[in-house]
Amino acid sequence: MKQQPIEGFSKLSKQEKIDWIVQNYLEGDQEYTAILQQYWNADIKLQKLHEEFSENTISNFYMPYGIAPNFLINGELKAIPMAVEESSVVAAASNAAKFWLDKGGFKTKIIGENKIGHTHFTFSGEWEKLQYFFHHVLKQKLFEDTANITHNMRHRGGGILEIELVNKTALLEDYYQLKANFNTQDSMGANFINSCLEQFGSTLKREIEASDQFGQADKDSLSVVMNILSNFTPECIVRAEVSCKIEDLKDPSGIKAEEFAWKFKQAVNIAEIEPYRATTHNKGIMNGVDAVVMATGNDFRATEACAHTYASKDGQYTSLTHCSIEEGIFRFWIDLPISVGVVGGLTNLHPLVKFSLALLGKPSAKELMSIIAVSGLAQNFAALRSLVTTGIQKGHMKMHLFNILNQYGVTEEEKQYFVNYFKDKTASHHEVVTELKRLGSKAIKN
Ligand code: MEV
């Protein structure tokens, strides 16, 4: 089938969009139309709300929404909402929460809340002149011109904290930055920061143009390339940690506490020096981080980008978590840079996000940062605990079993049979098929 481009797709109604897609890409097969329609919400208002979050919407994409209970965080018990499609993530979080419940739980500390944005510009005049102009004229104007934008945020205790002029010409010819630090209180602050920065760009242009300190050639050389926040927020960062006496590290696998502690620390040390392992290690952390970020309506792409930049900030990609064993005490922690909000964005719009935030006790942004870091640390603890004891597949395949069974459309009785069947051994796709055949199950053809 040869596809044709389309003009004005966004102007078509939802049904017209579907008809066009099915006609042009799916050989008119109405089964696909039915699949899309099956995921529409019967509540028309709710459906419309979801459609309006994005563009060219034709259906909803479900994600399992689960709860990991028993998280003791700074002395408070939390049940953490997680939106994630990967089996075993919620179970792993719940296990880690339970493990630390009687050992003092998780402790967190906000290390910083500053967010950063830049006006990136080029200028070929003298650096000293530009510097003088910035300190004696421009900086003040930047604050004045953004006073309207920052008014409410200042009222809430946030705003623009500092503005610097940065010379980057050693790295890129004529390249400078206006670099600003922001405190955005309970919002993630992307719109706030970007609005301030766009005003910076206009003010910079206007003030240089109007200044008698620069000649026409200098003025003509100024180009504001772009104004944008940075998703790298190394100064908006939270630490979450757990600790206990080594002898309290009992594991059902029967491994001795000292050996467990040593192997666990060794696993973290390997991720600290080996990028291949660090990537998977951090992926496991992000299983926990992203699931809470999603459930609370925050931006998981920003969270991912930030975490990985931070993990490579010293020149080599490394682990986000660390472990120490000193004087008989096992300590395990994460420093997670993360920018999230509990107001604005989807927080008041998406009913499940509203639910998540209510479940978490309507946290401040700082509290939510802590909960997310705890979820990442718990996830990493659970993964390493399995890896250095039983191996990951035992637990993983137990949770994945339902995916395999559903793939074959087995009956509820057969599901129960397989849960028992794999009670004491690692499930595998091959063994499910062999056993279904042996049982003569209708789920398996021939
Ligand atoms: C799987 O999603 C995540 C793990 O691979 C993480 C890890 O290896 O640490 C289990």
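Once region 253-283 is narrowed to residues that are touching a residue at least 12 places away in the same chain (Cβ under 8 Å) and aliphatic (A, V, I, L, M), the residue that is most open to solvent (accessible area, probe 1.4 Å) is ILE273. Evaluate the following for SER324: is it polar (S, T, N, Q) and away from the ligand (no atom under 14 Å from the Cβ)? In short, yes.
Scanning region 1-26 for residues that are in a loop (DSSP other than H, G, I, E, B) and modelled with pLDDT of 95 or more, which turns out most open to solvent (accessible area, probe 1.4 Å)? Residue satisfying both the conditions and the ranking: GLU7. Selection of region 369-409 for residues being within 11 Å of the ligand (Cβ to nearest atom) and of a type in the set (S, T, N, Q) yields GLN379, ASN380, SER386, GLN393.
Within the option set TYR310, TYR317, being open to solvent by less than 60 Å² (accessible area, probe 1.4 Å), in a helix (DSSP H, G or I), in contact (Cβ under 8 Å) with a residue 40 or more places away in the chain and of a type in the set (Phe, Trp, Tyr) holds for one residue only, TYR310.
Within region 209-225, residues that are under 12 Å from ASP174 (Cβ atoms) sit with their Cβ atoms under 9 Å from residues that are of a type in the set (A, V, I, L, M), at 6+ positions apart or across chains, in these pairs: ASP218/LEU130; ASP218/ILE208; LEU222/LEU204; LEU222/ILE208. When ALA170, ALA180 are checked against the criterion of being surrounded by fewer than 13 Cβ atoms within 10 Å (Cβ to Cβ) and either farther than 18 Å from ASP220 by Cα or touching a Cys at 6+ places or on another chain (Cβ under 6 Å) (or both), ALA170 stands alone in meeting it. Picking from residues in region 184-223 that are touching a strand residue (DSSP E or B) at 6+ places or on another chain (Cβ under 9 Å) and over 18 Å from ILE160 (Cβ atoms), the one that is surrounded by the most Cβ atoms within 10 Å (Cβ to Cβ) is LEU222.
Restricted to region 70-125, the set of strands (runs of 3 or more DSSP E) holding at least 2 residues that are modelled with pLDDT of 95 or more, within 16 Å of the ligand (Cβ to nearest atom) and within 22 Å of the chain's Cα centre (by Cα) comprises 76-83. For the condition open to solvent by 10 Å² or more (accessible area, probe 1.4 Å) and more than 27 Å from PHE53 (Cβ to Cβ), ILE334 does not qualify. With respect to the numbered conditions (1) surrounded by 20 or more Cβ atoms within 10 Å (Cβ to Cβ); (2) more than 30 Å from PHE402 (Cα to Cα), which one is the sole condition not fulfilled by ALA83? Answer for ALA83: the failing condition is (2). Evaluation of ILE404 against the conditions (1) out of contact with any His (no Cβ under 6 Å at 6 or more places or on another chain); (2) over 30 Å from ALA261 (Cα atoms); (3) among the hydrophobic types (A, V, I, L, M, F, W, C); (4) open to solvent by less than 60 Å² (accessible area, probe 1.4 Å) shows that the sole unmet condition is (1).
The values are calculated or read from the model by the stated rules, or taken from the named source; none is laboratory data. The structure displayed is predicted, hence computed values, not measured ones. For neighbour counting, all protein chains shown are included, and Cβ atoms are generated from backbone atoms with ideal geometry for every residue, glycine included. Only protein heavy atoms, including side chains, enter the accessible area calculation; ligands, DNA and RNA are left aside. Shrake-Rupley method; radii C 1.70, N 1.55, O 1.52, S 1.80 Å.
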